[in-house]
1. In segment 45-66, what residues are surrounded by 19 or more Cβ atoms within 10 Å (Cβ to Cβ) and either hydroxyl-bearing (Ser, Thr, Tyr) or more than 15 Å from the chain's Cα centre (by Cα) (or both)?
2. Being part of a helix (DSSP H, G or I) and farther than 22 Å from TRP149 by Cβ, is that true of even one residue in segment 80-90?
3. Please specify each residue of segment 76-104 satisfying the condition of being under 12 Å from the mean Cα position of the chain (by Cα) and touching a residue at least 40 places away in the same chain (Cβ under 8 Å).
4. With the condition kept exactly as written, say whether any residue in segment 68-75 is without any contact (Cβ under 8 Å) to a residue 40 or more places away in the chain, assigned to a helix (DSSP H, G or I) and within 28 Å of TRP149 (Cα to Cα).
5. What number goes with the only condition from (1) touching a Phe, Trp or Tyr at 6+ places or on another chain (Cβ under 9 Å); (2) exposed (fewer than 13 other Cβ atoms within 10 Å of the Cβ); (3) modelled with pLDDT of 85 or more that ILE160 does not pass?
6. Quick one: in segment 119-154, of everything that is outside any helix (DSSP H, G or I) and hydrophobic (A, V, I, L, M, F, W, C), which residue is surrounded by the most Cβ atoms within 10 Å (Cβ to Cβ)?
7. In segment 1-46, what count of residues is obtained for those that are in a loop (DSSP other than H, G, I, E, B), of a type in the set (D, E, K, R) and within 20 Å of PRO120 (Cα to Cα)?
8. Name the pairs whose Cβ atoms lie under 7 Å apart, with the first residue in segment 1-18 and farther than 17 Å from PRO140 by Cα, the second basic (Lys, Arg), and 6 or more positions between them or separate chains?
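The values are calculated or read from the model by the stated rules, or taken from the named source; none is laboratory data. Everything quoted here is computed from the prediction, not taken from an experiment. Note that we place each Cβ from the backbone using ideal geometry, even for glycine, and neighbour counts take in every protein chain shown.
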Amino acid sequence: MGTLEDEAKKLEEELSKVLINQDGRRDDETLRFLYENYHKRFLQDNKQIWDNGKIMVPFSLSAFGLYANLSSPSYGVTLILAFASIALSFVWLINAENHRAFQNKSFVWMRAIERILVGPNVKVPFKISDDTLNEKLSSPAAVNITIRWFTFLVLVGWVIIIIGNGNCT
């Protein structure tokens with residue numbers, strides 16, 4: 001699989017061949033319908049990622065707070081809290097990655113349709129940054145990297161607690 005732009009170009013070529021009316025003209029109404037629906041899907045997948053994150057992240061992190069408030073946590077309780085916290089963060093990661101893949105599909109469809117309706121020579125980036133910091137923080141991989149780092153750091157946090165804490169009884 002190539003880049004999203006490469007996939008959009010391939011889909012553009014396929015759509016251009018398929019969406020020709022009986023009178024030889026392109027079916028722009030169908031393209032607009034498809035675009036609207038893939039745009040809705042794109043936004044819905046984004047909403048799903050963050051709606052799940054609003055639940056998973058606080059519960060995942062609350063296990064650290066619960067652990068910190070235990071006066072003498074047993075090894076078993078620590079393992080249960082660690083497992084629950086890590087599992088929640090991984091569930092969010094898996095969910096986010098799946099919805100991001102669906103977003104990529106929607107993006108490819110939208111980009112291909114844009115190229116057909118507006119023309120392949122119009123090159124507008126998906127995002128337009130206004131400074132270097134914004135460019136880094138809004139890069140296509142910024143959210144993916146952040147969610148992956150969050151999950152990794154939750155795991156590392158619990159490993160440090162389990163291995164480094166001699167207070168577990």
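1. Of everything in segment 45-66, those that are surrounded by 19 or more Cβ atoms within 10 Å (Cβ to Cβ) and either hydroxyl-bearing (Ser, Thr, Tyr) or more than 15 Å from the chain's Cα centre (by Cα) (or both) turn out to be SER60, ALA63.
2. Narrowing segment 80-90 to residues part of a helix (DSSP H, G or I): 80-90.
Filter once more, so that each one left must be farther than 22 Å from TRP149 by Cβ: 80.
Looking through segment 80-90, at least one residue is part of a helix (DSSP H, G or I) and farther than 22 Å from TRP149 by Cβ.
3. Hits for segment 76-104 are TRP92, LEU93, ASN95, ALA96, GLU97, HIS99, ARG100, PHE102, GLN103, ASN104.
4. First, pick out the residues of segment 68-75 that are without any contact (Cβ under 8 Å) to a residue 40 or more places away in the chain: 68-71.
Remaining after also requiring assigned to a helix (DSSP H, G or I): 68-69.
From the residues that got through so far, the ones that are within 28 Å of TRP149 (Cα to Cα) too are 68-69.
Yes, segment 68-75 contains at least one residue that is without any contact (Cβ under 8 Å) to a residue 40 or more places away in the chain, assigned to a helix (DSSP H, G or I) and within 28 Å of TRP149 (Cα to Cα).
5. Failing condition for ILE160: (1).
6. Let us first name the residues in segment 119-154 that are outside any helix (DSSP H, G or I), namely 119-131, 138-141.
Within this subset, residues satisfying the condition of being hydrophobic (A, V, I, L, M, F, W, C) are 122, 124, 126, 128, 141.
Details: VAL122: 9, VAL124: 7, PHE126: 11, ILE128: 9, ALA141: 9.
Applying the filter and picking the extreme gives PHE126.
7. So in segment 1-46, the residues in a loop (DSSP other than H, G, I, E, B) come out as 1-3, 19, 21-25, 27.
Narrowing the set further to residues that are of a type in the set (D, E, K, R) leaves 23, 25, 27.
Next cut, within 20 Å of PRO120 (Cα to Cα) only: 25, 27.
Residues that pass the stated criteria total 2.
8. Listed by first residue and then by second, the contacts come to GLU12/ARG115.
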